[in-house]
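Only one structure is covered here, and it is reproduced in the block below.
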Amino acid sequence: MALLRVNGVPVECTASEWEPVTLGEVARSFNGWPRDTGRVKKKDFRFTTGLLSLPEAVAVRGLVEGAGHVLTFEDAAGYLYTSRELAPLSATGATRSTVGARHGSACLSVAPSSVVGWNVGTQGYEGEGGTFMGWVREGTGPWRHILYAAGGLSLHVDGKRVDASGGYPFAQAQDGYVVLGDMGMQGIATHFDDVVALPYSVPSAWVPHLYAWHSARGWPALPYVVAQGPRFPAQGQLVLGKAGAGRAEVLLTTVGESFDFSLHGT
């Protein structure tokens, strides 16, 4: 059993501990009697990863720190803003639809031969390429889950790997941008829901876990993530993560890394 899952992904850890956090303090009054003003109690969790390859370490850091952006299209006024309040570069032909959303009550509808894009800076996280993930519905077809890793690493549709040589004509993450719409100019209206832009390439072993998680529930508003495991409630807990310094270890032909990280409970 994994000690921890973050957004559905197992994170192998060798140790863990938690610390109670009380909002308030224990102090002494003027007559010397102790007084406890604490009313709300929270928990902070600390974990130590196992030995990871350097690309895996980059991905796990990004995962636990909630790196990236999420677009849920739920807010009627600011539906084109990401979870980090990033505005789109252009929004021609993009409207909010409350009909048939995949998660929540709304999705994004992009008119035929139109696109909408965001400069999410997916190339800026430790030099890694980005990953696009989200739900796409072409015309009147069914919702399909798309996961595309920049640099041609992989394209997965509904959790299964497919040919990535031509990319995907309705969604793309490339050179720091996420673009949604009819990029192939096929004249098809497109719907999008729960779009996630991650500034790192996810390992292939994560894909089944990401697909299962994203099928069951919407993505949390990054930088917050959902932690699951023996120390957390059955439904998981929303936390804010922070990774610490890495420790390198020389292996036979390469270098591995482990690090500590904290999850601050909400």
Search the structure for amide H atoms under 5 Å from the amide H of Leu52, placed 1.01 Å from N in the peptide plane, and list their residues when 5 or more places away or on another chain. Glu257, Ser258
Mean 1/r over distinct Cα pairs of the stretch 68-216, inverted to a Kirkwood Rh in Å, yields 15.1
Debye-sum result for the chain in log10 I(q)/I(0), which assumes one identical scatterer on each alpha carbon, at q = 0.08 Å⁻¹: -0.37
Which percent of the accessible area of the stretch 9-64 is formed by carbon and sulfur heavy atoms (probe 1.4 angstrom)? 55
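What percent does the relative contact order of the chain come to when contacts are Cα pairs within less than 8 Å and at least six residues apart?
Values: 646 pairs, mean separation 64.2, N = 266.
Answer for the chain is 24 percent.
Before I look further, what does the stretch 136-266 give for accessible area per residue, probe 1.4 Å, in whole square angstrom? Please list the in-between numbers first.
Working: 5820 Å² over 131 residues.
Result: 44 Å² per residue.
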Could you tell me which of rounded, prolate or oblate describes the stretch 37-97, using a ≥ b ≥ c as the square roots of the eigenvalues of the alpha-carbon gyration tensor, with rounded for a/c under 1.5 and, failing that, prolate when a/b is larger than b/c and oblate otherwise? oblate
Within straight cross-link reach of Lys242, meaning Cα distance under 25 Å, which lysines are found once same-chain residues fewer than 8 apart are removed? Lys41, Lys42, Lys43
The chain - mean residue ellipticity at 222 nm from DSSP helices (-39,500 (n - 2.57) per run, n ≥ 4, rounded to 500): -2500 deg cm²/dmol
So, with a 1.4 angstrom probe, what is the percent of accessible area on the stretch 68-216 that is carbon and sulfur? 52
Report the chymotrypsin sites (Phe, Trp or Tyr not before Pro) located in the stretch 4-85 that are in a DSSP loop and have at most 12 other Cβ atoms inside 10 Å of their Cβ, or state none. Phe30
Can you send over the carbon and sulfur percentage of the accessible area for the stretch 226-266, probe radius 1.4 Å, protein chains only? 59
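The values are calculated or read from the model by the stated rules, or taken from the named source; none is laboratory data. Quick caveat, the model's predicted, so the values are computed rather than measured. Counting neighbours? That spans all protein chains shown, and the Cβs are built from the backbone with ideal geometry, glycine included. Keep in mind that these areas ignore ligands, DNA and RNA; they rest on the heavy atoms of the full protein, side chains included. Shrake-Rupley method; radii C 1.70, N 1.55, O 1.52, S 1.80 Å.
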